[in-house]
Amino acid sequence: MTTTGETPGAAPGLQSAQREQSAQSAQLVSDLVTRIPEFRAVYENHVFHQGGVQPHVFFWDVVQDTVRSFLGESPCAADWRRTLAFLEEQSCRGVLGVDEVIVTSFLGDLPSPHEPGHAIVHQLGPVMAARYVRIRPRG
């Protein structure tokens, strides 16, 4: 099952914009898996269980694997530096559907100050760091 991300009863222009953002966020997932193949198994498991690509749901696993890599808990996980570099690069593009997923489902789900792995926020690139401070001013 894939979702269109459309709001029922929305005006046609809004529906078109929602479809475009949905396609952009799905492309982000595809580009991540292509650039960082260590996410391939997570992606395939996600698609199997979700019935399609759900970018916000998929990024929960990206956050978990990235933090585990940062903490040194998962030697086979994608190197956290590569993941952050990819997401910073994508954040610089200014694509609404991409930014929504990165801000909401990556930056918003990073560990809180009292949780292990919170120090990863000090490794964010300048664009993601600025967005992180905006959405989580207290960490």
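The values are calculated or read from the model by the stated rules, or taken from the named source; none is laboratory data. The structure presented is a predicted model; accordingly, all values stated were derived computationally and were not measured. Note that we place each Cβ from the backbone using ideal geometry, even for glycine, and neighbour counts take in every protein chain shown. Surface areas here come from the heavy atoms of the whole protein model, side chains and all, with no ligands, DNA or RNA. Shrake-Rupley method; radii C 1.70, N 1.55, O 1.52, S 1.80 Å.
Couple of notes before you dig in:
- Packing-based ranking of 87-99, 114-126 yields 87-99, 114-126, ordered from highest to lowest mean Cβ neighbour count within 10 Å.
- This model, with +1 at the C-beta of Lys and Arg and -1 at the C-beta of Asp and Glu, gives the chain a dipole about its Cα centre of some 300 debye.
- For the range 15-31 versus the range 33-74, the spacing of their alpha-carbon centroids is 18 Å.
- Sulfur and carbon atoms: percent of accessible area, the chain [1.4 Å]: 55 percent
- Helical runs assigned H by DSSP (4 residues or longer) give the chain a calculated mean residue ellipticity at 222 nm of -19500 deg cm²/dmol, each run adding -39500 (n - 2.57) before division by the residue total.
- Extension gain, residue 17 to residue 41: 0.36 nm times the residue separation minus the Cα-Cα distance gives 5.6 nm.
- Accessible area per residue in Å² at 1.4 Å probe, computed on the chain: 54 Å²
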